[in-house]
1. What's the ranking of 189-196, 204-211, 273-280 by average number of surrounding C-beta atoms within 10 Å, highest first?
2. Let me have the relative contact order for the chain, percent, based on Cα pairs under 8 Å that are six or more residues apart.
3. Output the 0 to 90 degree angle, nearest 10, between the alpha-carbon long axis of helix 16-28 and the longest principal axis computed from the alpha carbons of the chain.
4. At what distance in nm do the modelled label points of residue 262 and residue 385 sit from each other, each positioned 7 Å from its Cα along Cα→Cβ?
5. Compute the acute angle (0 to 90°) between the alpha-carbon long axis of helix 236-270 and the principal axis of greatest extent of the alpha-carbon atoms of the chain; round to the nearest 10°.
6. Sorted by mean Cβ packing within 10 Å, highest first, what order do the peptides 97-105, 306-314 take?
7. Per residue Cα convex hull volume for the range 77-120, in cubic angstrom?
8. So what is the calculated 222 nm ellipticity per residue for the chain, using -39500 (n - 2.57) for each DSSP H run with n of 4 or more, over all residues, to the nearest 500 deg cm²/dmol?
Ligand code: TGC
Ligand code: FAD
């Protein structure tokens, strides 16, 4: 029997170091995370602080950034880490994406030297956690409409507004908050516990239950002048961070799909229906073949985009192609695997339904599938159809 990825000789595209990173992250997930996932998901809880230290020790937090205690790895290595993390649970990859690609990246790319020194080394080890507040209750796909404001008062900034659906919110030591100012959208570092800054967890989620999602309320939050990120001005600041996290999802979604497919291959080999293994039926094999094709194509696309990113030539539109295709196909794979598991497919005994419902969030966050279709449509036609 041949493994799905072996049909595409995927490993021949990877260096020894990249394969080693993938194995290290997989071993860590198998040992420290996978045994607890169904329980965390069912309880709707995540021991985020403890996990952040575990993830920091294995070196995945901000692993694609240089300096300040970060590992400075290539894009494909980072992608493979996301693949393994999301193979465990999308919530785990979310924790890492938001920490490394959104909060740390924003500070690394746009922060002052003092801000970098203060936050990045402790965030790389997982001692400190960050979140990224862009979305608001009335402005998700259209962040340009944001109502959160930052106004100068003497030498200080005063922030007012609400951010919604913020991953890692209530476990964060620092929130990167994007706000409208007289000089356009700017980013601010808001430490937890600042007066006027409150965080409320969002309950009753059916998807991404092993992930902390919160509302951030800023009510007259007074910050010193040096809380602003000096290098970001305008919407291109936060959108530049999104390119980083979206890239991780291109790989991550395929990790969830691969976990579903591997689970299903084992299941259909064992399960007998009408006195024969489920794997022996043509309808089953057609489903397995179709899923493997989409998985393989998605992985090849992910590695290709990773190489473009390493060469410094990747464009935001190419990231949209990857996010749109790979999340959409991963969700289809998870749903098809679910059918092959029959009734067992709806329980947390197998990871498939957990991946399927998680991928519903992944389809929506970091730009909905419709927004990425419109980004690709704009690239093809030259016409922006967002407004
Ligand atoms: P538009 O006029 O097109 O652009 C405004 C400025 O931004 C620049 N820009 C980008 N820069 C870098 N990367 C990108 N991908 C960029 N897209 C646009 C653009 O060049 C322009 O720059 P400048 O200098 O001329 O001002 O903006 P628009 O208002 O028409 O909106 C375009 C649109 C719809 C594509 C954008 O708003 C968008 O991407 N919306 C989706 C929002 C989104 O993805 N939110 C995600 C929030 S974070 C999250 O979900 C975390 S989930 C947890 C996890 O990751 O695990
Ligand atoms: P809306 O923008 O209201 O969209 C509703 C529907 O309308 C969608 O189908 C959308 O595609 C469609 N639509 C919107 N505009 C158009 C258009 N022009 N043409 C056609 N259709 C359109 N945000 C953060 O800032 N930080 C985080 O850490 C974060 N974490 C998240 C974690 C989870 C679990 C979830 C679910 C979301 C998270 N988000 C986060 C928010 C996420 O980015 C937004 O939910 C997403 O951008 C969509 O915004 P919305 O939910 O307001 O939907």
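Values quoted throughout were computed directly from the atomic coordinates according to the rules given, and no laboratory measurement underlies them. All of these numbers come straight from a predicted model, not from anything done at the bench. When we count neighbours, we look across all protein chains shown, and the Cβ atoms used for this are built from the backbone with ideal geometry, even at glycine.
1. Values: 189-196: 16.0, 204-211: 18.9, 273-280: 12.1.
Result, highest mean first: 204-211, 189-196, 273-280.
2. Values: 703 pairs, mean separation 68.0, N = 387.
Relative CO of the chain lands at 18 percent.
3. Between helix and principal axis, roughly 90 degrees.
4. Here the modelled spin labels are 3.9 nm apart.
5. Tilt relative to the chain: about 20 degrees.
6. On the way: 97-105: 28.0, 306-314: 15.3.
So the order, starting with the most tightly packed, is 97-105, 306-314.
7. Details: hull volume 2.7 nm³, N = 44.
About 62 Å³ per residue, rounded to a whole number.
8. Working: 12 runs with 189 residues, N = 387.
The helix contribution divided over the chain gives -16000 deg cm²/dmol.
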